[in-house]
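Notes for the one structure printed next.
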Amino acid sequence: MKAKAQEARARVIEAEAEVPKAMAEAFRSGNLGIMDYYRMKNIQADTGMRESIAKPATGNEKK
């Protein structure tokens, strides 16, 4: 099972490496504009903020 999990993680890493290449091609071909890019980054930032707010407290905070 560990080998399968490691293999799956390797496939994910390979796919993640393709994202910048695909975005560069989309910019070059005109399928992705700068405002689309900024909108996407804003959504990613919102998602990260919401995930950090939703995480349970770790117990390190003072009351």
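The values are calculated or read from the model by the stated rules, or taken from the named source; none is laboratory data. No experiment lies behind these values; they were computed from the predicted model shown. Neighbour counts are summed over all protein chains in view; Cβ atoms, including those assigned to glycine, are modelled from backbone coordinates with ideal geometry.
Couple of notes before you dig in:
- Residues within the stretch 12-26 that are surrounded by 10 or more Cβ atoms within 10 Å (Cβ to Cβ) and of a type in the set (D, E, K, R), tallied: 1
- Among the candidates Met40, Met1, residue that is surrounded by 10 or more Cβ atoms within 10 Å (Cβ to Cβ), of a type in the set (A, V, I, L, M, F, W, C) and out of contact with any helix residue (DSSP H, G or I) (no Cβ under 6 Å at 6 or more places or on another chain): Met40
- Failed item in (1) at pLDDT 95 or above; (2) over 15 Å from the mean Cα position of the chain (by Cα); (3) acidic (Asp, Glu), with Glu61 passing the rest: (1)
- Here Thr47 clears all of (1) exposed (fewer than 10 other Cβ atoms within 10 Å of the Cβ); (2) polar (S, T, N, Q); (3) at pLDDT 95 or above except the condition numbered (1).
- Pairs, first in a loop (DSSP other than H, G, I, E, B) in the stretch 16-35, second of a type in the set (A, V, I, L, M, F, W, C), C-beta under 9 Å, six or more apart: Leu32/Met23; Leu32/Ala26; Leu32/Met40; Gly33/Phe27
- Only one of Ser52, Ser29 that is loosely packed, with under 10 Cβ neighbours inside 10 Å and either within 19 Å of the chain's Cα centre (by Cα) or charged (D, E, K, R) (or both): Ser52
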